[in-house]
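Taken together, the values in this text are just the output of simple stated rules run on the coordinates, not laboratory data. What you are looking at is a predicted structure, and each value in this text was computed from that prediction instead of being measured. With ideal geometry, Cβ positions are generated from the backbone for all residues, glycine too; neighbour counts draw on all protein chains shown.
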Amino acid sequence: MKTLEEIHNIRENKRRELDLRINTKADTREKHILVCHGTGCTSSKSPQILENFRKILEEKNIENVRVIMTGCFGLCAKGPIVIIRPEDTFYSNVRPEDCEEIIQTHIVEGKRVERLLCKDIDGKIVNSLDELNFYKKQKRIALKNCGVINPQDIEEYIAFDGYRALERVLREMTQDEVIDEIKKSGLRGRGGAGFPTGKKWELTKSYEADQKYVVCNADEGDPGAFMDRSILEGDPHSVLEAMEIAGFAIGANKGYIYVRAEYPIAVKRLKVAIKQAREYGFLGKNIFNTGFDFDVEIRLGAGAFVCGEETALLESIEGKRGQPRIKPPYPAESGLWGKPTLINNVETFANITQIILKGADWFSTIGTENSKGTKVFALGGNVNNIGLVEVPMGTTLREIVYDIGGGIPNGRDFKAAQTGGPSGGCIPKEHLDTPIDYESLKEIGSMMGSGGLIIMDDTKCMVSLAKFYLQFTVSESCGKCTPCRIGTKRMLEILERLCDGEADEYDVYKLEKLAVSIKKSSICGLGQSAPNPVISTLKYFRDEFREHAIQKECRALECKAVSKIEIDEEKCKACGLCQKRCPVSAIEGEGREKRKINQDKCIKCGTCIATCPFHAIGN
């Protein structure tokens, strides 16, 4: 256990040592090579890159260079990423075999390795992180330490004001003062529903009990979402510290982090962080000599989507089958083992320490009137800059897609964005300038959700998209209530008939009626929101559903049973390129004859469409 004086000395001395990580004018006698160790880069051999750097530096007997593993930098499309500080040089798509050249050219000779320098979407080479358009409109609060510190070194976290907020709370504030500060900040839960965080803390504190709990919901199950996982991988101590602050505020001395077992990197770093926090005296008994006790345990989930629902999560922690409870009572009154329990997700907790340190007034100036602060999104799909982004609430979808995301690949048009995963809805092209906040998204039939943001170009079929999300929902339904268990299955069957060319217009009507009924009658929030992808796609893309039902056509050619590829004779130049590339010899014609497609042979693979230089082939 460290004394307060020792902690303050670590913070001051270590911060001076690490100043070059955030200050490009720092003393350049020492360099830090930062290697991303988020899940994406790790799967692309970043651990081997890290070891290669260390091995080469040792062999060459090079001093004053440290190789640091970090969390996610955000720009996953450019990974594995290596950044050299203090000059802030950004190397992208680095391979293990590139390490020798980087050390020799950059470290020894003092020159940049031009071929590895990151390029922006316009092809311009960027010499530092700040030059990338991807970062210019972002504001990092929840992700402030990701890509900056080594998540497995508690002293690096301490150096960047780690556990200072906890010290302030325990030594200078009352429970009510902490809750009032969170309420005043306007922070709302980042798990999807957007319930005011301070109000939830206040409700939990109001119930008297001999035992209370703080639970961190890290069961991030939306397809394409990796926000919470990245925070745990890159800055686990920020979540632990916030849980302790919440524990003090509501009168709890025990915390649980419920995280998926399929997130092994996050689990490993959480275990390391908890062990270090206990050794330094930040977890356990008599923290900061204030008499406050608090400890944290990890509970591993088996990957059930329904356990993202807070009461199903509680059932799972208790060792029961993960199924939602009837509410009320709510967890604030009767949660884990019947005791008052506060549940927030990872991103919500990741904002807490900054609110305490910088003040509620500072936080409330960011965002919109009713949606304060920033939001982290996992940006994916048909967008150039796939990755993790954090933007002020109120940033428009257009800014995220085109300014941060770098636009749609191959010059295609934007068609829609899916927010909130299986519980969310589609945002069509006409709403590209919609501000991303809780109220604005609700008005257009979508929702914030936990932060998955999937972009789709004009080649995507919205009926097929709705089917994809219903397949997920049906497979993940816990089966407790009939509307979700049976209703979503019937919806999926209709969508399958539409995609197979076996449905009619009445099926579209039944699909919509079912969706409304399930939304009204399911027990939990997941069942109630399961029809959202269908409701929103019907609202904005009903013509595609009608085409599938009446004309038996899929304009995007995704649904093979109702797809028909044809050649426009007026545009066809009889060049024969499509014929040469067709994998099943379905294109007929010789010499200067206009080509035709034999529909009996065609497998609708789209090769001919991509091949034709005259854009003469389509549906």
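Please compute the length gained on full extension between Lys268 and Lys139, using 0.36 nm multiplied by the number of residues separating them and subtracting their Cα-Cα distance.
Details: separation 129, 0.36 × 129 = 46.44 nm, distance 2.77 nm.
Once the chain is fully extended between Lys268 and Lys139, it gains 43.7 nm.
Can you give me the Cα centroid spacing of region 575-599 and region 433-494 in angstrom? After rounding, the separation between the Cα centres reads 40 Å. A protection proxy built from the mean count of other Cβ atoms within 10 Å ranks the segments 11-20, 43-52, most packed first, as 43-52, 11-20.
Taking the fewest neighbouring Cβ atoms within 10 Å as the starting point, the ordered list for Cys41, Cys524 is Cys524, Cys41. Take the alpha carbon gyration tensor of the chain, find the square roots of its eigenvalues, order them as a ≥ b ≥ c, and report rounded if a/c is under 1.5; if not, report prolate when a/b exceeds b/c, else oblate. Here the chain falls in the oblate category.
The calculated 222 nm mean residue ellipticity attributable to helices in the chain amounts to -10500 deg cm²/dmol, summing -39500 (n - 2.57) over DSSP H runs of n ≥ 4 and dividing by all residues. Local charge for Trp201 was computed over the other residues whose Cβ lies under 14 Å away, with Lys and Arg +1 and Asp and Glu -1, and equals 0. Near Leu314, once Lys and Arg are set to +1 and Asp and Glu to -1 for all other residues with Cβ below 15 Å from its Cβ, the sum equals +3. For region 374-457, a simple Cβ point-charge model (Lys and Arg +1, Asp and Glu -1, everything else neutral) yields a dipole of about 220 debye relative to the Cα centre. Each Lys and Arg Cβ is given +1 and each Asp and Glu Cβ -1; about its Cα centre, the chain then shows a dipole of about 860 debye.
Taking amide H positions as modeled 1.01 Å from N, with prolines and chain starts lacking one, the residues under 5 Å from Thr396 and 5 or more places away or on another chain are Ile436.
Only Lys, Arg, Asp and Glu count, each charged at its Cβ (+1, +1, -1, -1), so figure out the dipole size of region 390-549 about its Cα centre, rounded to 20 debye. Walk me through the intermediate numbers first.
Details: 19 positive and 23 negative charges, 146 e Å.
So the magnitude is around 700 debye.
Which one of Asn532, Ile33, Ile617 is farthest out on the positive end of the charge dipole of the chain, using unit charges on Cβ (Lys, Arg +1; Asp, Glu -1) and the Cα centre as origin? Checking the options against the dipole of the chain, the answer is Ile617.
Panel order for Cys481, Cys605, by other beta carbons found within 10 Å of each beta carbon, from fewest to most: Cys605, Cys481.
Taking each residue as 0.36 nm, the span from Lys275 to Met1 lengthens on full extension beyond its C-alpha to C-alpha distance by 97.5 nm. Label region 154-364 by shape, choosing from rounded, prolate and oblate, from the square roots a ≥ b ≥ c of the eigenvalues of the Cα gyration tensor; if a/c is under 1.5 it is rounded, and otherwise prolate applies when a/b is larger than b/c, oblate when it is not. Taking the square roots of the gyration eigenvalues as a ≥ b ≥ c, region 154-364 is rounded.
Going by a ≥ b ≥ c, the root eigenvalues of the Cα gyration tensor, does region 310-458 fall in the rounded group (a/c under 1.5), the prolate group (a/b larger than b/c) or the oblate group? Show your work: numbers first, answer last.
Values: a/c = 2.35, a/b = 1.59, b/c = 1.48.
It is prolate, given that a/c is not under 1.5 and a/b is the larger ratio.
What FRET efficiency, computed as 1/(1 + (r/R0)^6) with R0 = 30 Å and r the Cβ-Cβ distance, is obtained for Leu300 and Asp161, rounded to the nearest 0.05? Don't skip to the end; give the middle numbers.
Values: r = 30 Å, r/R0 = 1.01.
Taking R0 as 30 Å, the efficiency between Leu300 and Asp161 is 0.50.
Note on Arg546 and Trp337: the model spin-label points, each 7 Å out from Cα along the C-beta direction, lie 6.0 nm apart. Glu30 versus Glu100, label points 7 Å from Cα toward the beta carbon: distance in nm? Spacing of the two 7 Å Cα→Cβ label points: 3.0 nm. Put a dot 7 Å past the Cα of Val108, heading toward its Cβ, do the same for Asn93, and the two dots end up 2.6 nm apart.
Can you compute the FRET efficiency between Arg16 and Ser475 using 1/(1 + (r/R0)^6), with r the Cβ-Cβ distance and R0 = 41 Å? Round to the nearest 0.05. Could you put the intermediate results ahead of the total?
Working: r = 53 Å, r/R0 = 1.29.
The value I calculate is 0.20.
The number of Lys pairs in region 71-216 with C-alpha atoms less than 19 Å apart, excluding pairs fewer than 8 positions apart on the same chain, is 19.
As a proxy for reagent exposure, ranking His548, His8 by other Cβ atoms within 10 Å from fewest up yields His8, His548.
Compute the length gained on full extension between Gln599 and Thr611: take 0.36 nm times their separation in residues and subtract their Cα-Cα distance, giving the result in nm to one decimal. Numbers along the way, then the final one.
Numbers: separation 12, 0.36 × 12 = 4.32 nm, distance 1.82 nm.
Length gained, Gln599 through Thr611: 2.5 nm.
In terms of the mean number of neighbouring beta-carbon atoms within 10 Å, the peptides 568-580, 235-247 order highest first as 235-247, 568-580.
To the nearest 0.05, how large is the calculated FRET efficiency for Ile62 and Asn9 if R₀ is 35 Å and r is the Cβ-Cβ distance? Don't jump to the answer; show the numbers that get you there.
On the way: r = 29 Å, r/R0 = 0.83.
E between Ile62 and Asn9, to the nearest 0.05, is 0.75.
The local environment of Val108, defined by Cβ-Cβ distances under 11 Å, has a net charge of -1 under the rule Lys, Arg +1 and Asp, Glu -1.
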